[in-house]
Amino acid sequence: MNLNQARERANKLKDLINDYRYHYHVLNESIISDEAADSLKHELAQLEEQYPELITPDSPTQRVAGAVLPGFSEVRHTTRMLSLNDVFSEEEVEAWVKRIEKAAPDFKKEYFADIKMDGLACALIYNDGLLERGVTRGDGYVGEDITLNVRTMDSIPLSLRAATKYQSFLKGRTEVRGEIVMYKADFERLNEERQKLGQPLFANPRNTAAGTIRQLDPGLVASRPLHFRAYDLLRDNQAEVATNSFAYQVLADLGFSTNHAAKLLNSVSQIMDFVNGWEHKRKNLEFNTDGIVVKLNDRQLFDKLGVAGKAPRGAIAFKYAAEQATTIVRDIFVSIGRTGTATPVAVLEPVVIAGSTVQMATLHNEAEIKRKDIRIGDSVIVHKAGDIIPEVVEPLVKLRTGKERVFEMPSLCPICGSKLVKLKAEDAAWRCPNPNCPSRTWKQIQHYASKEALDIEGLGEKNIIALLDKGLIKDPADIYSLKTEQVMSLERFASVSASKLIEAISTKVHPSLSRFLYGLGIRHIGAQTAIDLANHFKTFEAIMDATVEDLTNVEGVGEVVAEAVVEYFAEPVNRRLLEKFKHLGVWPEPVKQSQAGKLNGMNFVITGTLEGLSREAAADKIRALGGRFQTSIAKDTDYLVIGNNPGTSKVEQARKLGTNAIDERALSQLLD
């Protein structure tokens with residue numbers, strides 16, 4: 001990207017960020033997620049770092065946004081209220097420490113870390129111990145006078161504690177800075193009350209807190225549960241507050257609530273231990289957070305290092321892996337799945353989301369692309385949570401240059417050239433009807449060998465493609481006729497690895513009925529539905545002969561699923577495949593009468609990643625004890641197991657339905 005292209009991109013980014021900030025800080029509404037906005041700001045900061053001539057006084061990277069609302073008087077801060085530079089990795093933390101070491105080689109390596117609160121920044125000014133004024137951050141230089149509103153909050157002392165051992169702070173001007181937050185439990189109760197009254201629900205605790213404190217009616221503010229948490233203490237003589245750890249001691253003694261998690265640290269490794277520890281525990285906090293604030297403990301050195309743009313050099317904000325980010329759609333191609341479904345896939349400029357690099361995202365189908373108006377070349381918001389496949393949420397239309405291209409769905413399969421069809425007029429997806437399409441074939445075999453199906457070790461994607469290219473297999477049944485010598489002829493195999501693969505295949509000649517049924521790749525048949533069908537019909541022959549009416553008698557099986565099962569067994573090509581399995585001695589075991597386990601009748605959903613076992617292993621253990629493993633929250637879900645990087649939609653749905661939310665430790669106790 002040359003300078004002119006960078007300037008054009010930067011100007012568009014500035015316009016969009018400023019529009020977002022106006023809606024967020026002035027109108028208290030979100031037009032895009034905080035995470036997406038952070039991603040845009042990060043891109044702008046990188047452009048300005050590469051091309052310093054692009055930095056302008058009005059750049060969003062050079063100020064803290066906000067505007068004084070009509071009805072509030074302006075108040076100029078005696079000391080600018082700064083925001084912090086974001087970092088996202090241990091390497092960036094190390095780079096920050098090295099910059100400090102370069103500026104102050106002999107500095108005392110003490111860092112003060114605290115949880116970053118998601119609320120509204122506020123400054124409280126006390127004169128001779130009495131509350132004189134409350135001021136919002138505003139643009140960092142000038143804020144809004146919200147004195148009457150903050151006086152209604154019980155968490156804000158109207159006078160500093162006279163019993164304090166720090167008597168000097170009761171004389172002269174003392175400024176306390178902190179965050180006004182709404183606790184998650186209070187937010188839920190408030191929305192429940194509004195729902196009963198038929199009023200529109202609030203979007204999130206942060207917006208609700210900000211919108212409340214900036215009301216012109218103090219009575220309304222008093223009626224809503226807000227809390228002030230202090231994080232900074234200022235005096236005219238800053239030598240009175242030598243360190244941040246001392247500031248927290250004084251704040252608590254003066255009568256302010258601070259975060260008890262705040263901690264003094266001495267190295268990058270200790271900082272990262274603190275960061276990583278709270279990443280897993282933060283869901284249990286009373287308030288929302290998206291990261292950790294780390295400052296130099298020595299405030300004199302902090303002041304000496306000064307400010308770069310809008311942020312102090314002596315502090316950073318470590319942001320946890322976001323579930324959303326912005327990037328660019330470089331291309332769109334069509335992927336053919338094992339059942340023939342033609343799925344448009346976006347090729348993305350690589351971006352890190354939820355802790356992993358994302359380069360492709362599903363666009364679902366042609367209708368979805370048209371509905372969202374996603375084009376090749378668009379800047380887009382991409383979402384990924386835990387193990388969920390990344391998807392494009394929406395395009396950022398205001399960043400368009402006019403060079404973007406509309407995607408046209410191909411009429412022919414890009415792999416085999418067959419004409420794409422829709423089985424029914426109301427179907428959303430196009431399909432390749434050719435059962436011998438190479439893409440369908442290798443994905444079908446891969447699905448058959450996958451962990452949730454037959455779980456054949458050593459038969460991954462690359463080995464399957466190698467076997468297909470050599471002409472050694474054409475369908476899942478062919479793997480059972482493979483010989484060690486044939487496998488050894490492939491470049492990827494030696495004697496030992498070939499023998500191990502043949503041995504692994506030989507142990508799956510008589511699989512369980514549910515795994516074999518799932519492994520066939522019948523449309524709409526997931527692992528749990530396969531288990532339900534197996535437990536109901538007991539034998540594979542009974543399922544093959546079942547009618548739509550028979551199948552819909554199974555709990556959780558609707559007409560669409562039933563029709564897909566009947567259609568599969570009616571297809572001659574599928575019948576021939578099953579005959580080949582039987583000829584090779586491969587057939588599923590009938591289901592024996594099982595005894596009720598301790599989890600009988602209980603339904604589980606897992607969101608995020610578990611540390612002690614894989615999702616598949618957890619599902620197997622749940623099923624072995626009589627429980628059901630579901631892929632989405634429903635009214636009959638008993639437990640939502642929340643792992644690392646959980647999906648917010650599942651957590652929110654569980655809250656709405658009153659589903660029990662447990663962590664991995666609680667799940668382990670149920671399974672033991």
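Here are the numbers for this structure:
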{"read-out": "HN-Hα J in Hz across the stretch 36-44 - Karplus 6.51, -1.76, 1.60, θ = phi - 60°, x for Gly and Pro", "value": "5, 5, 4, 5, 5, 5, 5, 5, 5"}
{"read-out": "Additional length obtainable on full extension of the chain from GLU349 to GLU92, 0.36 nm per residue less Cα span", "value": "90.4 nm"}
{"read-out": "Two-site label geometry, GLN46 and VAL573: point separation in nm, points 7 Å out along Cα→Cβ", "value": "4.3 nm"}
{"read-out": "30 Å Cα-Cα threshold exceeded, pairs from LYS310/LYS656; LYS443/LYS483; LYS165/LYS281", "value": "LYS310/LYS656; LYS165/LYS281"}
{"read-out": "Dipole magnitude (debye, nearest 20) for the chain, charges at Cβ of Lys, Arg, Asp, Glu", "value": "340 debye"}
{"read-out": "Under 23 Å from the Cα of LYS424 - lysines, other chains or at least 8 residues apart", "value": "LYS370"}
{"read-out": "Å³ per residue enclosed by the Cα convex hull of the stretch 438-583", "value": "99 Å³"}
{"read-out": "20 Å Cα-Cα reach of LYS384 towards lysines, excluding residues that sit fewer than 8 places from it in its own chain", "value": "LYS41, LYS283, LYS319, LYS372, LYS650"}
{"read-out": "Three-way shape call for the stretch 74-319 based on the alpha-carbon gyration tensor, with the a/c threshold at 1.5", "value": "oblate"}
{"read-out": "C-alpha center-to-center spacing [the stretch 112-190, the stretch 334-381] in angstrom", "value": "46 Å"}
{"read-out": "Protection proxy ranking of 137-146, 654-663 - average other beta-carbon atoms within 10 Å, highest first", "value": "137-146, 654-663"}
{"read-out": "Candidates per trypsin sites (Lys or Arg not before Pro) in the stretch 424-473, loop by DSSP, up to 11 other Cβ within 10 Å", "value": "LYS424"}
{"read-out": "Cα centre as origin, Lys/Arg/Asp/Glu Cβ charges: the stretch 3-62 dipole, Debye", "value": "140 debye"}
{"read-out": "Exposure proxy ranking, count of Cβ atoms within 10 Å, fewest first, for CYS122, CYS437", "value": "CYS437, CYS122"}
{"read-out": "Tail beyond 25 Å, pair distance distribution of the stretch 324-430 (Cα, percent)", "value": "22 percent"}
{"read-out": "Estimated inter-spin distance, ALA163 and LEU285, nm [label 7 Å along Cα→Cβ]", "value": "3.0 nm"}
{"read-out": "Potential extension, VAL496-PHE333 segment - 0.36 nm per residue separation minus Cα distance", "value": "54.8 nm"}
{"read-out": "Proximal lysines relative to LYS598, as straight alpha-carbon distance under 22 Å, when same-chain residues fewer than 8 apart are discounted", "value": "LYS538, LYS621, LYS635"}
{"read-out": "Orphan Cys of the chain, criterion: no other Cys C-beta under 4.7 Å", "value": "CYS122"}
{"read-out": "Along each principal axis, Cα extent of the chain, largest first, Å", "value": "93, 61, 53"}
{"read-out": "Local net charge near ASP373, Cβ-Cβ under 11 Å (Lys/Arg +1, Asp/Glu -1)", "value": "+1"}
{"read-out": "Listed residues SER499, LEU13, ILE146: farthest to the positive end of the dipole of the chain (Cβ charges)", "value": "LEU13"}
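Read the figures in this text as sums done on the coordinates, not as results from a lab. None of the values given here were measured: they were computed from a predicted structure. Quick reminder, even Gly has a Cβ in these numbers, built from the backbone with ideal geometry, and neighbours come from all protein chains shown.
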